[in-house]
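All remarks here apply to the structure that follows.
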Amino acid sequence: MQRKHVFAGLGAAAVLIGGVSVAAGTGGPPVPAAGTAAAPGAGTARIQQGDMTDSSARSGTLDYSDPRQVSAAVGGTITWTPTVGTAVSQDQVLYRLNGKPVYLLYGDVPMYRTLKRGTTGDDVRQLQRDLRALGYRSAEHDGTFGPGTQQAVKEWQAKHGLDATGRLDPSRIAFLPDTARITKNDAQTGSRIAPGTAVLTASGAKMVVNIPVYPSEQQSLSIGKQVHVQLPDGKTATGKVTQIGGPARNGAGSSTTSSGDSGPQKINIQVALTGSAADLDKLAGSQVSVSFPGTTQRNVLSVPVGALLAQDSSGFAVQIKQPDGALKTVPVTLGVFSNGRVQITGNALKPGMDVVVAGR
């Protein structure tokens, strides 16, 4: 019985995913009949009973969050853009158009229309949140541009030396979800641009880890799952899964491609750092290791992975060594993998039984 051939098949067919029971078919040879001798070089190990946690580790890239392009809402001439690497925050100048500033305010809805008395909608509501966050308490917070919001806009305009009209048009503000870290100037100073032209490329200021995985590997992951990140400088950070899906990223926010590959395409798992070491800016683009704590299975039976035998029926089995030295083949169902061992269930299995293990 050439057990090493069986395990070559197992390695190709079994997918080890934290938290997911493995079931795979192999092209390995049939399991030997009961009573046959163990393969040369094989040894034994005992079935153990106890708790198993299916933790796993994956490699990812440390980068800034949410890459996006900033496009001009109106046409004109670009007269100033911030230096690459600059972080632009709420109420700061994002760029200058026709010599006049375009200010950054926070919101998910883009600035696509003039906001004025009587206007309603989510864009009005996010403007009201911004104004109140900046100290203009007269602004309503109901999504309707009322007299209080009009007064707050006038005060905001006066503070910035603008005409206090009480209305805002797309030439004066741009909405982005949060602080924008400038990664590229798409439009050069002096460029004449049309509405919709990309002016800047920016990312969020928060650090995240992008982890490429095959779709089957994300089944055990969920939004909010807590993780630990090992940084290249030897320090550790904590984080949680915030996004699952979309194309895998290859650092700097760019998507990976695999032209000519007919296999499944990888997707991206994004982890936001919730507690981190200092000076992460210097580590942007670095490879890190992310540990995913798994679920714990209580009081289960387990054997070394090397004890598994592939069967023609696309299942697995172990060989139990009897007191007289004979071998009994017992089909098993696999559970979680952890530290070189695998959870098994099967008829008449008990802790302390000796199982044959390849290479021992």
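Tabulated values for the structure
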| item | result |
| --- | --- |
| Residue 114, sole failed condition from (1) hydroxyl-bearing (Ser, Thr, Tyr); (2) free of Cβ contacts under 8 Å to residues at least 60 places away in the same chain; (3) surrounded by 14 or more Cβ atoms within 10 Å (Cβ to Cβ); (4) closer than 19 Å to residue 76 by Cβ | (3) |
| Criterion: basic (Lys, Arg) and under 23 Å from residue 199 (Cα atoms) - qualifying residue of 96, 125, 132 | 96 |
| Complete set of residues in segment 339-360 that are among the polar types (S, T, N, Q) and over 37 Å from the mean Cα position of the chain (by Cα) | 347 |
| Of the criteria (1) modelled with pLDDT of 95 or more; (2) small (Gly, Ala, Ser); (3) surrounded by 15 or more Cβ atoms within 10 Å (Cβ to Cβ); (4) within 36 Å of the chain's Cα centre (by Cα), which one residue 121 fails | (3) |
| Answer residue from segment 232-259, given it is surrounded by fewer than 18 Cβ atoms within 10 Å (Cβ to Cβ) and among the hydrophobic types (A, V, I, L, M, F, W, C) and is modelled with the lowest pLDDT among those | 252 |
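The values are calculated or read from the model by the stated rules, or taken from the named source; none is laboratory data. Everything numeric here is computed off the predicted structure, so don't read it as measured data. Methodologically, a virtual Cβ is constructed for each residue, glycine included, from the backbone with ideal geometry; neighbour enumeration extends over all protein chains shown.
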